[in-house]
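Here's the structure we're looking at; comments come further down.
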Amino acid sequence: MPEKKIIVAIDGHSSCGKSTMAKWLAKEVGYIYVDTGAMYRTVTLFALRNKFITQEGIDEEGLKASLKDVEVSFQLDPETNLPLACLNGEVVEKEIRLMEVSNNVSPIAALPFVREKLTREQQFMGEAKGIVMDGRDIGTAVFPQAELKIFVTASAQVRAQRRYDELVGKGEKNLDFDEILRNVEERDYIDSHREMNPLRQAEDALVLDNSNLTKDEQNAWLLSQFKKRTEA
Ligand code: DC
């Protein structure tokens, strides 16, 4: 009998290792991995490049009118086999991880017309199941019917340290830990308080606080939860 294909929804705060665990699981079980944060970041990059975000704020009308010209997609990296975010066919994986995008993404992700567009695209990607998707509203709004929902969290300090280490690893210089911590806390606040599909734990989600877990412990737990759902 073919194994049952499911949707795995991984939601949680920023920088709590959602994408690392989602990528690992997708590879381990041969599922497609979709990083929905990368999609919001790609729209933010588009908005920055086209000056819809300025000192004065966001030009919502301008962005809304241009959004039909924005194609967010993923290309597989031939070396790592991991998806790379693309903006109208251009690989922008590096640019979308820079601080300028991180500092502007939450207000862009709060705009209902942005969420509507990206939610529709995410639902389309998951139609055939066999997908691990990470984000903030996957288990609550994108796939409320997902068979396995995980809500990941860790303390803000631990998450800021992880982001700091990640940026250092990428060669970013002159980093200010306090600025990163502020960015993590600010994004938590905006993501949890926006009107449309805020970050919240789905009632049927399993909660994972990984502040004190090793990657191996976390992965073993995740795989056992996946097996429970697919081997039943
Ligand atoms: O996971 P991340 O840090 O790359 O996400 C970037 C931003 O996008 C984050 O501030 C919240 C937003 N986001 C969202 O609102 N909904 C999602 N499904 C994924 C991300």
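The values are calculated or read from the model by the stated rules, or taken from the named source; none is laboratory data. Note that the structure is predicted; figures quoted are calculated from it, not measured. Neighbour counts are summed over all protein chains in view; Cβ atoms, including those assigned to glycine, are modelled from backbone coordinates with ideal geometry. Heads up: the accessible areas ignore ligands, DNA and RNA and are worked out on the full protein's heavy atoms, side chains in. Shrake-Rupley method; radii C 1.70, N 1.55, O 1.52, S 1.80 Å.
Taking a point 7 Å from the Cα of LYS129 along the Cα-to-Cβ direction, the residues of the stretch 19-38 with backbone N closer than 19 Å to it are 25-34.
Per-residue ellipticity at 222 nm computed for the chain from its helices equals -14500 deg cm²/dmol, with DSSP H segments shorter than 4 residues left out and the rest contributing -39,500 (n - 2.57). When both bridge partners sit in the chain, DSSP labels roughly 35% of those beta bridges antiparallel. Rg/Rh, computed from the Cα trace of the stretch 123-179 with Rh as the Kirkwood radius, has the value 1.15. Principal axis extents of the Cα atoms in the chain, from largest to smallest and rounded to whole angstrom, are 56, 38, 37. Candidates GLY17, ALA65, ASN183 compared by Cα position along the dipole of the chain: farthest toward the positive end lies GLY17, with charges placed on Cβ. Within the full protein context, the accessible area of ARG229 is estimated at about 60 Å² for a probe radius of 1.4 Å. When the solvent-accessible area of the stretch 19-178 is split by element, carbon and sulfur atoms take up 50 percent of it, the probe being 1.4 Å.
The C-alpha radius of gyration of the stretch 193-232, expressed as a fraction of 2.2 N^0.38 Å, stands at 1.53. The separation of the stretch 148-212 from the stretch 30-78, counted between C-alpha centres, amounts to 20 Å. Its relative contact order, with pairs defined as Cα atoms under 8 Å and 6+ residues apart, puts the chain at 34 percent. Considering only the Cα atoms of the stretch 83-185, their convex hull presents on average a projected area of 7.9 nm². Computed from Cα atoms, the angle from the helix 99-109 axis to the main principal axis of the chain rounds to 80 degrees. Please compute the net charge surrounding THR230, taking Lys and Arg as +1 and Asp and Glu as -1 over other residues with Cβ under 9 Å from its Cβ. Combined, the nearby Lys, Arg, Asp and Glu give +2. The calculated pair-distance distribution of the stretch 1-73 uses every alpha carbon pair, bins of 10 angstrom beginning at 0, and gives 16, 34, 26, 18, 5, 1 percent. Using alpha carbons only, how many degrees (0 to 90, rounded to 10) separate the axis of helix 112-125 from the longest principal axis of the chain? The angle comes out at about 30 degrees.
Net charge in the neighbourhood of ALA109 (other residues with Cβ under 11 Å of its Cβ; Lys, Arg +1, Asp, Glu -1) is +3.
Summing charges over all other residues whose Cβ lies under 11 Å from the Cβ of ASN210, with Lys and Arg as +1 and Asp and Glu as -1, gives +2.
Legend: residues VAL91, VAL114, sorted from most to least accessible area (1.4 Å probe; ligands, DNA and RNA excluded), read VAL91, VAL114. Pairs spanning more than 28 Å between alpha-carbon atoms, out of LYS117/LYS228; LYS68/LYS227; LYS94/LYS227; LYS5/LYS215; LYS18/LYS117; LYS4/LYS27: LYS117/LYS228; LYS68/LYS227; LYS94/LYS227. What you get for the chain, charging only the Cβ of Lys and Arg (+1) and of Asp and Glu (-1), is a dipole of about 460 debye around the Cα centre. The residues of the stretch 1-134 expose on average 48 square angstrom of accessible surface per residue, using a 1.4 Å probe on protein heavy atoms.
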